[in-house]
Amino acid sequence: MRKNSRLIEFLFYSLFTLTFLILTSCGGGESDSNTATSIPFISNLQYSPQTVTLNQGGAGYAYITGTINYVDQEGDLKTLIINVYNIQGVVVNTNTISLQNISGRISDSIQFYQDISIANIMDYRFDIYVTDAHGNISNKLTGTFRVTAQ
């Protein structure tokens, strides 16, 4: 009988100690709202042109101009980034644009431009996204651009 009571006592204290360790390691579950940051969101990619002819205008490149809409609860957007990929998926151009005069705005639209070589008949894809002052990266939007023979 004495053996059983010692076993029960051992199990009780073991369970108590384990419960105490679990509860003290969990933390309070509170968050510090001063360090929380929100991730910016972009939408409504619109751009033109989407197709040009080979060496149109003789310049060897064309400008894509467009707009995106954004929502950034903290109003601290810093950059807009455009990565252009060739048909093989290789980055052929990256453009990082410092965003000016939008500090404090939580939603608006951003105009952008990107030059693309039109010296070869090719399809291009580009991704566009924004970053904020905390280094958060928004979702990416994708567009396509085609250089044709005629």
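Read-outs throughout are calculated quantities, based only on the coordinates presented, and are distinct from any laboratory measurement. The structure presented is a predicted model; accordingly, all values stated were derived computationally and were not measured.
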### Query
Between ILE121 and ILE87, 0.36 nm times their residue separation minus their Cα-Cα distance comes to what?
11.2 nm
### Query
On average over all directions, what projected area in square nanometres does segment 41-148 have, based on the convex hull of its Cα atoms?
6.5
### Task
Pop out the ³J(HN,Hα) list for segment 125-137 in order, Karplus 6.51 cos²θ - 1.76 cosθ + 1.60 with θ = phi - 60°, rounded to Hz; leave Gly and Pro as x.
10, 9, 10, 9, 7, 10, 10, 10, 5, 8, x, 5, 10
